[in-house]
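Shown next, in structure tokens, is the structure this report addresses.
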Amino acid sequence: MAGPNAEPPAPLGPPGRDGEDGAGDGDGAGDGFGEEEYAAINSMLDQINSCLDHLEEKNDYLHACLKELLESNRQTRLEFQQQSEQQNMEADGQGSQPPV
């Protein structure tokens, strides 16, 4: 309904950032977010934080497993090298003796 001079009606509150008339959420802050939106954002951030904590725990577990595997592989490699050297020395020892 137009005013007495055929002007458009005045907005009810200060305009929002998205061209809203300011009467959207009724909190009077004019920021476009109400308590429900903040609660939803807070909930999402909590979920993200929980997921990141879970990923960090998995990463720590995998890191420990990989360190264990690396150490096991090092030990196995050393044992293999020792056995190989031993077999080479035995083969050299038998090869240098004249046949009977």
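Scanning region 47-100 for residues that are at pLDDT 95 or above and among the hydroxyl-bearing types (Ser, Thr, Tyr) yields a count of 4.
With respect to ALA29, is the statement that it is surrounded by fewer than 10 Cβ atoms within 10 Å (Cβ to Cβ), modelled with pLDDT under 95 and at negative phi true? No, not satisfied.
The values are calculated or read from the model by the stated rules, or taken from the named source; none is laboratory data. Computed from a predicted model, the values in this text were never measured in an experiment. All Cβ positions, even for glycine, are placed from backbone atoms using ideal geometry, and neighbour counts span all protein chains on display.
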